[in-house]
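Novice: The following block contains the structure, expressed as structure tokens.
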Amino acid sequence: MSETDNFNITETYLKFLEEDSEMTMPIAAIEALVTLVRVKNPTTAAEVINLIKSAAQDLVQSIPNSVSLRAGCDIFMRFVLRNLHLYGDWESTKQHLIENGQLFVSRAKMSREKIAEIGIDFISDDDIILVHGFSRAVASLLAHAANNFIRFRCIVTEARPTSQGKQLYEFLQEKGIPVTLIVDSAVGLIIDKVNKVFVGAEGVAESGGVINRVGTYSVSVLAHNAKKPFYVVTESHKFVRMFPLAADDLPMDRKILDFSKIDSEASLLSGPTIDYTAQEYITALITDLGVLTPSAVSEELIKMWYD
């Protein structure tokens, strides 16, 4: 059986994530779609559009909590639509799509470095920074600040049910950054002792609201009430064309409230893994495009899609 017949978009996507632990879901999605175009070798513009649409739909449906993955699929589709008519012959067009898709991926991988350079101005000596869960962009920013001899301390939440906070806790310890790990329910107790809050993002909606690991919304409300700055540190390729009004509007793989019978102890913590934080709780977004207000996200999406 040929490589074309064997190609599976979901397996290819998961393989990219497995091979590079630093790769984000949107970038893995774009890598998988570029590979799809190269392997399937479509012969017309209509064929490539239908191929990508179908593969993107299959990919989004096969991966739980696929918000950031959806952003990657949207970006690549827009890239394809804008570049289909640059050349007179199809072979040149196809080669352009593959080469420039790979170029976009390489540039996107550097976005965390840009974020760290921009975000370092938001960290000062003697800061106590609260971080919810694990985010590569946040980790990169904190490491960059420490490498530039800024002395600060971090409080990291456990981030149940995934317990991703432990991963960031261990990373910061390795970097020599003073850090403590707390249970999520202790945030209200310590919020008055912190100077600012940093969180990452699974996706950033058109409204400037943020889809992220569950608990982010609770932390944002506590920060807002305590008048503490709440910063979202994220790559611009996670901007997604969605306009949720509440968590109920998010594509989730399970119900927010499930009162069905629990079959095992492992299912006890089977609630939602993402939530939605509205734009009014966000001070600013620190991105590779610069520091943005939540309202500026829709402007960036308009530039991306319609300029």
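The values are calculated or read from the model by the stated rules, or taken from the named source; none is laboratory data. Predicted model only: the values in this text are computed from it and were never measured. Please note: Cβ atoms are built from the backbone with ideal geometry, for glycine as well, and neighbour counts cover all protein chains shown. We work out accessible area using only protein heavy atoms, side chains counted, and drop any ligands, DNA or RNA first. Shrake-Rupley method; radii C 1.70, N 1.55, O 1.52, S 1.80 Å.
Novice: Give the number of residues within the range 97-124 that are under 22 Å from ASN83 (Cα atoms) and hydrophobic (A, V, I, L, M, F, W, C).
Specialist: Residues flagged as under 22 Å from ASN83 (Cα atoms) and hydrophobic (A, V, I, L, M, F, W, C) within the range 97-124 amount to 6.
Novice: Got a sec? Which of TYR231, TYR306, TYR276, TYR217 is at pLDDT 75 or above and open to solvent by 50 Å² or more (accessible area, probe 1.4 Å)?
Specialist: None of the other options fit; the residue is TYR217.
Yes/no matrix, rows are residues, columns are (1) assigned to a strand (DSSP E or B); (2) free of Cβ contacts under 8 Å to residues at least 40 places away in the same chain; (3) closer than 26 Å to ASN195 by Cα:
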{"residue": "ASN212", "(1), (2), (3)": "yes, no, yes"}
{"residue": "LEU222", "(1), (2), (3)": "no, yes, yes"}
{"residue": "LYS227", "(1), (2), (3)": "no, yes, yes"}
{"residue": "VAL232", "(1), (2), (3)": "yes, no, yes"}
{"residue": "HIS237", "(1), (2), (3)": "no, no, no"}
{"residue": "LEU245", "(1), (2), (3)": "no, yes, no"}
{"residue": "ASP248", "(1), (2), (3)": "no, yes, no"}
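Novice: Let me ask something additional. Pairs only if they're at least six apart or on different chains, beta carbon under 6 angstrom, first in the range 95-124 and touching a residue at least 12 places away in the same chain (Cβ under 8 Å), second surrounded by 15 or more Cβ atoms within 10 Å (Cβ to Cβ) and of a type in the set (Ser, Thr, Tyr); list them, first residue then second.
Specialist: From residues that are touching a residue at least 12 places away in the same chain (Cβ under 8 Å), the pairs are ARG112/SER140; ALA116/SER140.
Novice: Is there a residue being surrounded by fewer than 24 Cβ atoms within 10 Å (Cβ to Cβ) and within 15 Å of ALA278 (Cα to Cα) anywhere in the range 188-207?
Specialist: Within the range 188-207 (the criterion being surrounded by fewer than 24 Cβ atoms within 10 Å (Cβ to Cβ) and within 15 Å of ALA278 (Cα to Cα)), the answer is yes, since at least one residue qualifies.
Novice: Please go through the range 67-92 and pick out each residue that is open to solvent by less than 40 Å² (accessible area, probe 1.4 Å) and modelled with pLDDT under 75.
Specialist: Answer for the range 67-92, where residues must be open to solvent by less than 40 Å² (accessible area, probe 1.4 Å) and modelled with pLDDT under 75: ASN83, LEU84.
Novice: Restricting attention to the range 110-129, report how many residues are in contact with a helix residue (DSSP H, G or I) (Cβ under 7 Å, 6 or more places away or on another chain) and among the hydrophobic types (A, V, I, L, M, F, W, C).
Specialist: Adding up the residues that qualify gives 5.
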